[in-house]
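Peer 1: Below is a structure I'd like to ask you about.
The values are calculated or read from the model by the stated rules, or taken from the named source; none is laboratory data. As the structure is a computational prediction, the values presented were derived from the model and not from experiment. Because the Cβ atoms are built from the backbone with ideal geometry, glycine has one as well, and the counts that use them run over all protein chains shown. Please note that ligands, DNA and RNA were not included when accessible areas were found on the heavy atoms of the full protein model with its side chains. Shrake-Rupley method; radii C 1.70, N 1.55, O 1.52, S 1.80 Å.
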Amino acid sequence: MDVSTVVDDNGNAMSFKQYKGRRFHPSMVGNITDTLVNISSFSVLEDDVLLCSYPKSGTHWVYNMILMLRYKSLEYHGSPFLLEFDDLSLMSELNSKRTYGTHLSYPFIPEEVKKGQAKVVKVSRNPKDVVCSLYEYQKKIDNQLYKGDFNGLLKCFLSDEIPTCGASWFTHVKEWESAKKMNPNLNCLNLRYENLKRDLFPNIVKLANFLEVDHDEKFLRQVEHAVSFDNLRIEHDTPKGGTTKCSTWIKDGRLPIYRKGIVGDWKETLTVQQNETFDAVFKEKMAAMSIDLDFDFE
């Protein structure tokens, strides 16, 4: 396969697939060029919902909210179908209310989505918690992406070399923010992880309205309870939480996605120096992109 690995002076190893100078997750299916071409030309249905997020930003959490609302069911639905990690041909077996996700940056999503053919739910999370969660996640699985210490991952995260989705967190933000401003056809709802944690019910109502589902307040309150962190963690420990596609990464294919689920966990990980470096890079890159995003770092 077309996987490359770089090792820094401290022995930290990062593996990736490369396409036109961009680095992508090494576990993306098949040949990277073919995979991205197939995703770009993926046939989208009018009632499709595409969930887009940078890794470790609440993807599974919001995915279960969406499916509960769309199917009017409080059943736990596990992990989403991800365009870059799953067999696209399997989607042809479904013909209505398809909900799937991607971590890819905006240029690589299906062209028909860019034209407004489907609804897009975009979830963002403050990057300090993202990188800390990503490190803890990588320690528990074997998906080739990274082996090393936290400082090595942090340095890579703050650069343009992190191979998660074809873009660093900063470029991912820039490309999605630009798309939302420049593409009037993009049918997109923005959700913030921190806002969901702070005040979940109004955001569930907002999501239900965007999805155009007609549910009464009683059911929406039930969804609020069903997607609480503790409930999802319990459900994830049942057979519903395991998948065969991830069985080579971790025992039972049960991804370690429910750890703490809090805002500000970075304060337990980042040193004073690491935090100061992060703040300086964040300020510089956001200013260079002419983007003013006020993330809640507390």
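Peer 1: What number of residues in region 2-26 are open to solvent by 60 Å² or more (accessible area, probe 1.4 Å), in a loop (DSSP other than H, G, I, E, B) and on the phi < 0 side of the Ramachandran plot?
Peer 2: Count: 3.
Peer 1: Now, a different point. Conditions first: (1) farther than 23 Å from Phe170 by Cβ; (2) modelled with pLDDT of 95 or more; (3) of a type in the set (A, V, I, L, M). Ile262 passes all but one, so which condition is the exception?
Peer 2: Only one criterion in (1) farther than 23 Å from Phe170 by Cβ; (2) modelled with pLDDT of 95 or more; (3) of a type in the set (A, V, I, L, M) is unmet by Ile262, namely (2).
Peer 1: Taking Val130, is it assigned to a helix (DSSP H, G or I) and open to solvent by less than 30 Å² (accessible area, probe 1.4 Å)?
Peer 2: yes
Peer 1: Filter region 224-239 down to the residues that are assigned to a loop (DSSP other than H, G, I, E, B) and within 16 Å of Ser79 (Cβ to Cβ) and list them by number.
Peer 2: Residues satisfying the conditions are Val227, Asp237, Thr238.
Peer 1: Give all pairs with beta carbons closer than 8 Å in which a residue from region 186-201 that is over 15 Å from Met65 (Cβ atoms) meets a residue that is crowded, with 16+ Cβ neighbours inside 10 Å and of a type in the set (Phe, Trp, Tyr); count only pairs at least 6 apart in sequence or on separate chains.
Peer 2: Correct list of pairs: Glu194/Phe295.
Peer 1: So Gly30 clears everything in (1) assigned to a loop (DSSP other than H, G, I, E, B); (2) of a type outside the set (Phe, Trp, Tyr); (3) touching a residue at least 60 places away in the same chain (Cβ under 8 Å) except one condition, right? Which one?
Peer 2: Gly30 satisfies all of (1) assigned to a loop (DSSP other than H, G, I, E, B); (2) of a type outside the set (Phe, Trp, Tyr); (3) touching a residue at least 60 places away in the same chain (Cβ under 8 Å) except (3).
Peer 1: Do you know which residues across region 6-27 are within 13 Å of Phe108 (Cα to Cα) and of a type outside the set (Lys, Arg)?
Peer 2: Tyr19, Phe24, listed by residue number.
Peer 1: Being at pLDDT 95 or above and closer than 22 Å to Tyr106 by Cα: is that true of Asp48 here?
Peer 2: Yes; evaluated as a whole, the condition is true for this residue.
Peer 1: Could you say which residue among Gly152, Gly166, Gly148 is crowded, with 22+ Cβ neighbours inside 10 Å and not acidic (Asp, Glu)?
Peer 2: That would be Gly166, the only listed residue that is crowded, with 22+ Cβ neighbours inside 10 Å and not acidic (Asp, Glu).
Peer 1: Only residues in region 67-83 that are in contact (Cβ under 8 Å) with a residue 60 or more places away in the chain and under 11 Å from His215 (Cα atoms) count as the first member; pair them with residues that are among the hydroxyl-bearing types (Ser, Thr, Tyr) and part of a loop (DSSP other than H, G, I, E, B), Cβ under 8 angstrom, at least 6 apart or cross-chain, and list the lot.
Peer 2: Correct list of pairs: empty, since none qualify.
Peer 1: Asp160: more than 13 Å from the chain's Cα centre (by Cα), at pLDDT below 95, closer than 21 Å to Val6 by Cβ and open to solvent by 40 Å² or more (accessible area, probe 1.4 Å), yes or no?
Peer 2: yes
Peer 1: Being touching a residue at least 24 places away in the same chain (Cβ under 8 Å) and either open to solvent by 10 Å² or more (accessible area, probe 1.4 Å) or hydroxyl-bearing (Ser, Thr, Tyr) (or both) is the filter here; which residues of region 133-145 pass it?
Peer 2: Selection gives Ser133, Tyr135, Glu136, Tyr137, Lys140, Asp142, Gln144.
Peer 1: Which residue is farthest from Met286 (Cα to Cα), if the candidates are limited to region 87-124 and must be open to solvent by 20 Å² or more (accessible area, probe 1.4 Å) and among the charged types (D, E, K, R)?
Peer 2: For region 87-124, the residue satisfying everything is Glu93.
Peer 1: What number of residues in region 106-155 are under 18 Å from the mean Cα position of the chain (by Cα), over 28 Å from Glu276 (Cβ atoms) and of a type in the set (Asp, Glu)?
Peer 2: The number of residues fulfilling the criteria is 0.
Peer 1: Ok, one more. Step by step: first the residues of region 203-230, then only those that are of a type outside the set (D, E, K, R) and open to solvent by 40 Å² or more (accessible area, probe 1.4 Å), then the one that is nearest to Lys260 (Cα to Cα). Which residue is that?
Peer 2: Among those that are of a type outside the set (D, E, K, R) and open to solvent by 40 Å² or more (accessible area, probe 1.4 Å), it is Phe229.
Peer 1: Which ones in region 28-54 are open to solvent by less than 30 Å² (accessible area, probe 1.4 Å), under 20 Å from Pro163 (Cα atoms) and touching an Asp or Glu at 6+ places or on another chain (Cβ under 9 Å)?
Peer 2: Met28, Ile32, Thr35, Leu36, Ile39
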